[in-house]
Amino acid sequence: MPMTPIVRYMSQRPGGFNRFTQTMTLELPEGIDRSGIVSTISAVVEHHDMWRSRVVDGDRGREIEVMASGAVDVDALVHHIPVDPASKADEVTALASRELDSALGRLDVDAGTMLQFLWFDFGAGRSGRLLVVAHHLVIDGVSWRIIVPDLISAWARSRAAVPPL
């Protein structure tokens, strides 16, 4: 599909636009493991086509292409970050800032790397956090109101051994 005028403008600015993102931190259920996180995110990626998109050179110039179902390796997008539960708030903030900067550097709209998921794991007995880093091409302020409930639903369905979304 063609890019919208604002996306075309952003893509033509000097310096690229891979770091043009929105982020949200979500509290994870206690006891969730990597398999649970990956299967939950995978269900949402499969349900929302734009989360499988990339920017390509097409007949009309730069365009957005939605990749086929199963084309995104969600496991590769989830980065596990163990956090010492005794860490002070400013130490966790500094760690999260470094990890966010690294995640932003891994985004690549041409390769279809529109998402990064940072799993901050505080260990057993404490819920972790999932920092969702999404390129603005695949999310906006309104979309979060759809994506977050879909993530919750996908986790609940996974726990109940019910087919995904």
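The values are calculated or read from the model by the stated rules, or taken from the named source; none is laboratory data. This is a predicted model, so every value here is computed, not measured. Glycine also receives a Cβ, built like all others from the backbone with ideal geometry; neighbour counts cover every protein chain displayed. What goes into the accessible areas is simple: the full protein's heavy atoms, side chains included, and nothing from ligands, DNA or RNA. Shrake-Rupley method; radii C 1.70, N 1.55, O 1.52, S 1.80 Å.
Here are the numbers:
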{"read-out": "Enumeration of residues in the stretch 1-53 that are over 16 Å from T113 (Cα atoms) and of a type in the set (S, T, Y)", "value": "T4, Y9, T25, S35, S39, T40"}
{"read-out": "Leading residue by the ranking (surrounded by the most Cβ atoms within 10 Å (Cβ to Cβ)) among those in the stretch 18-31 that are farther than 30 Å from G123 by Cβ and touching a His at 6+ places or on another chain (Cβ under 8 Å)", "value": "N18"}
{"read-out": "Condition check for M24: modelled with pLDDT under 95 and not hydroxyl-bearing (S, T, Y)", "value": "no"}
{"read-out": "Flag if D101 is at pLDDT 95 or above and open to solvent by 40 Å² or more (accessible area, probe 1.4 Å)", "value": "yes"}
{"read-out": "Residue identified as within 26 Å of S153 (Cβ to Cβ) and either among the hydroxyl-bearing types (S, T, Y) or touching a Gly at 6+ places or on another chain (Cβ under 8 Å) (or both) among D121, D75, D49", "value": "D121"}
{"read-out": "S11 vs. criteria outside any strand (DSSP E or B), surrounded by 13 or more Cβ atoms within 10 Å (Cβ to Cβ) and modelled with pLDDT of 90 or more", "value": "no"}
{"read-out": "Candidates L151, L137, L130, filtered to the one that is within 23 Å of T93 (Cβ to Cβ) and under 13 Å from the mean Cα position of the chain (by Cα)", "value": "L130"}
{"read-out": "Subset tally (residues that are free of Cβ contacts under 8 Å to residues at least 60 places away in the same chain and either open to solvent by 50 Å² or more (accessible area, probe 1.4 Å) or closer than 16 Å to M3 by Cβ (or both)) for the stretch 32-43", "value": "2"}
{"read-out": "Residues satisfying the stated conditions in the stretch 113-142, i.e. under 18 Å from V74 (Cβ atoms) and hydroxyl-bearing (S, T, Y)", "value": "T113"}
{"read-out": "Any hit, the stretch 50-63, residues being surrounded by fewer than 17 Cβ atoms within 10 Å (Cβ to Cβ), in contact with a strand residue (DSSP E or B) (Cβ under 7 Å, 6 or more places away or on another chain) and of a type in the set (K, R)", "value": "yes"}
{"read-out": "Among the residues listed as D140, D110, D121, the single one being modelled with pLDDT of 95 or more and of a type in the set (D, E, K, R)", "value": "D121"}
{"read-out": "Single residue of T25, T40 found to be outside any helix (DSSP H, G or I) and on the phi < 0 side of the Ramachandran plot", "value": "T25"}
